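The values are calculated or read from the model by the stated rules, or taken from the named source; none is laboratory data. Remember, predicted model here, so these are calculated numbers, not experimental data. Glycine gets a Cβ as well: all are built from the backbone with ideal geometry, and neighbour counts include every protein chain shown. To get the accessible areas, we keep the full protein, side chains included, count just its heavy atoms, and leave off ligands, DNA and RNA. Shrake-Rupley method; radii C 1.70, N 1.55, O 1.52, S 1.80 Å.
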Amino acid sequence: MKVLVVNAGSSSLKYKLINMNGESVLAKGIVERIGFDGTVLKHEGKDGQKIEIDKEMKDHTDAFKLVVEALTDSNYGVIKSMDEIKAVGHRVLHGGEKYAGSFIINDDVIAAIEECAVFGPLHNPANLMGIRACQKIMPNVPMVAVFDTAFHQTMPKKAYIYGLPYEAYSEMKIRRYGFHGTSHAYVSKRAAEMVGKKPEEVKIVSCHLGNGASIAAVDHGKCVDTSMGLTPLEGLIMGTRCGSIDPAIVEFLMKEKGMTINEVTNYMNKQSGVYGISGISSDFRDIWKAWDTEKNERAKLALDAFCYNVKKYIGAYAAAMGGIDVIAITAGIGENDPRIRKMIIEGLEFLGAVMDDEKNSVRGQESILSADDSKVKIVCVSTDEELKIAQETKALCL
Ligand code: ADP
C-alpha cells in the first residue's frame with residue numbers, strides 16, 4: 001500500500017510517497033513559491049534522482065497536479081498511475097480540543113480545521129488549501145488529517161490551563177495546546193523501543209530541537225505537559241522565536257518603541273530567539289562558527305541561553321512526572337549537534353543522567369548516548385513525522 005504524505009504551507013507543498021510494505025520512501029519533494037514568480041518543484045525520485053521543474057503555478061491545485069505528474073513520469077517517476085496511491089495523510093497544525101487523534105477527512109473535520117484557524121492563522125488555512133487541492137485531483141482517495149496538537153490532548157487540565165480568568169478558557173478556548181505532537185509521539189515510542197521498554201513502562205522527556213523547538217513530558221506513553229502553548233511561540237528559545245517571556249514586554253515594546261501589535265508579533269516570531277540574541281543567524285552551525293573562529297560573545301550567549309532553557313524544562317518535567325527514565329533528543333539540532341547535547345545534559349547528573357562523550361559524538365544517527373551506568377538513558381532519535389503520518393493514515397484507511 002502506498003501512502004502520500006502532504007504538508008501544505010501558504011506558498012509551499014511538501015510531499016513524501018511512502019510504500020507501507022517495508023515503510024520505504026519512494027519519492028519526496030517540495031513545491032516552493034506557489035502563487036509567486038519563480039515557482040519551482042524540487043523532486044527526488046527513483047534511485048535518488050533529483051530534478052527541478054520551473055513552471056508557473058498559481059495555486060495549490062496547480063502544484064499538486066505537477067506533483068502527480070512527477071510521481072508518475074515515465075523517466076523519474078516511481079508509480080505507473082495515480083491509482084497506486086491508496087490514501088493521503090495531511091499534516092494539520094491545529095485541531096483544538098476536538099481532535100485528540102487523527103481522522104478521516106470529511107465535512108466535519110474540514111469545518112473544525114477552519115474553526116481552529118483562529119489559533120493557527122498562518123498554518124490551518126494553508127493546510128486546508130493542500131487538502132482541497134488533493135481532493136480536486138484525487139476525489140475518490142481517502143484522506144486523513146493528522147494534527148500537530150493531537151498527542152498533547154492527554155495533558156491534565158492543571159497543565160494546560162493558564163493563570164488567566166477562567167472565562168479565557170471556557171469562552172475563548174485559550175489554553176496550552178502544544179505542537180510537534182506527531183514528532184513527540186514518534187520519538188517517545190521509538191526512544192522506549194531503543195532502551196528495550198514499552199512506552200507504557202517509562203517516563204520520557206522528549207526534546208524536539210529544530211528551528212522550532214519544544215519539549216514534552218511523556219508519562220507511560222501519554223503526554224502530560226509540553227512547552228509550546230496556545231501557539232508555537234511559547235516555551236524554549238528557538239531559531240527566531242523568543243519562547244516564554246514576561247507578557248508585560250508586549251505593552252512595554254508598544255509604549256517604548258511605538259511598535260504596533262503586528263510589529264511586536266513579528267519581533268517575537270521572526271527576529272528573536274538565538275538569531276535575535278546572537279545577531280548572526282538562526283542556524284546553529286553559523287552561530288558555532290562565530291564562536292569558534294572569532295569568539296563572538298553574543299554567539300556564545302545565544303548557545304548558553306538555549307541550552308540553559310532546555311535543561312530547565314528537563315528538570316521541570318522530571319519534577320512533574322516524579323522522575324525520568326529516558327531523555328530523548330531529536331530534530332535538526334538534537335540529531336546533529338553533540339556539543340549542544342553535552343551542554344544540555346551537563347549538570348543533570350543529580351537526576352541520574354550521565355552522558356558518554358564518545359557515544360555522544362554521533363551525528364544524524366540513532367543511538368544511545370548515555371554512559372552504561374547512567375540511571376537515566378539518553379537517546380538520540382531521528383524523528384520521522386512523515387512516517388508517523390503515513391502510519392496513522394494507513395491505520396485509518398485499511
Ligand atoms: P525545522 O523542521 O523546524 O525547520 P529542523 O529540525 O530541520 O527544523 O532543524 C533545522 C536546524 O537544525 C537548523 O536551523 C540548524 O540550526 C540545525 N542544524 C542542522 N544541521 C546541523 C548541524 N550539523 N549542526 C548543528 N545544527 C544543525
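All of 279, 315, 273 fail the test of being under 19 Å from residue 214 (Cα atoms), free of Cβ contacts under 8 Å to residues at least 60 places away in the same chain and within 16 Å of the ligand (Cβ to nearest atom), apart from 273. In summary, strands (runs of 3 or more DSSP E) completely within segment 29-106 and bearing 3 or more residues that are touching a helix residue (DSSP H, G or I) at 6+ places or on another chain (Cβ under 7 Å), closer than 28 Å to residue 140 by Cβ and in contact (Cβ under 8 Å) with a residue 24 or more places away in the chain occur at 85-92.
Do we have any residue at all in segment 339-351 that's away from the ligand (no atom under 16 Å from the Cβ), small (Gly, Ala, Ser) and out of contact with any Ser or Thr (no Cβ under 6 Å at 6 or more places or on another chain)? Yes, some residue in segment 339-351 is away from the ligand (no atom under 16 Å from the Cβ), small (Gly, Ala, Ser) and out of contact with any Ser or Thr (no Cβ under 6 Å at 6 or more places or on another chain).
How about segment 144-170: which of its residues are within 18 Å of residue 114 (Cα to Cα) and free of Cβ contacts under 8 Å to residues at least 60 places away in the same chain?
Once the filter is applied, which keeps residues that are within 18 Å of residue 114 (Cα to Cα) and free of Cβ contacts under 8 Å to residues at least 60 places away in the same chain, segment 144-170 yields 145, 147, 148, 149, 150.
Residue 130: in contact with a helix residue (DSSP H, G or I) (Cβ under 8 Å, 6 or more places away or on another chain) and in a helix (DSSP H, G or I), yes or no? Considered against the rule, which asks whether it is in contact with a helix residue (DSSP H, G or I) (Cβ under 8 Å, 6 or more places away or on another chain) and in a helix (DSSP H, G or I), residue 130 comes out as yes.
Filter segment 226-248 for residues that are open to solvent by 40 Å² or more (accessible area, probe 1.4 Å), under 21 Å from residue 214 (Cβ atoms) and either more than 16 Å from the ligand (Cβ to nearest atom) or without any contact (Cβ under 8 Å) to a residue 24 or more places away in the chain (or both) and give the result. Of everything in segment 226-248, those that are open to solvent by 40 Å² or more (accessible area, probe 1.4 Å), under 21 Å from residue 214 (Cβ atoms) and either more than 16 Å from the ligand (Cβ to nearest atom) or without any contact (Cβ under 8 Å) to a residue 24 or more places away in the chain (or both) turn out to be 230, 244, 245, 246, 247. Considering segment 322-335, and only residues there that are open to solvent by less than 10 Å² (accessible area, probe 1.4 Å) and part of a helix (DSSP H, G or I), the residue that is nearest to the ligand (Cβ to nearest atom) turns out to be 331.
Residue by residue, here is whether (1) assigned by TED's automatic domain parsing to the domain that holds residue 216; (2) among the hydrophobic types (A, V, I, L, M, F, W, C); (3) surrounded by fewer than 23 Cβ atoms within 10 Å (Cβ to Cβ) holds:
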residue: 122; (1), (2), (3): no, yes, yes
residue: 125; (1), (2), (3): no, no, yes
residue: 130; (1), (2), (3): no, no, no
residue: 136; (1), (2), (3): no, no, yes
residue: 140; (1), (2), (3): no, no, yes
residue: 152; (1), (2), (3): no, no, no
residue: 156; (1), (2), (3): no, no, yes
residue: 163; (1), (2), (3): no, no, yes
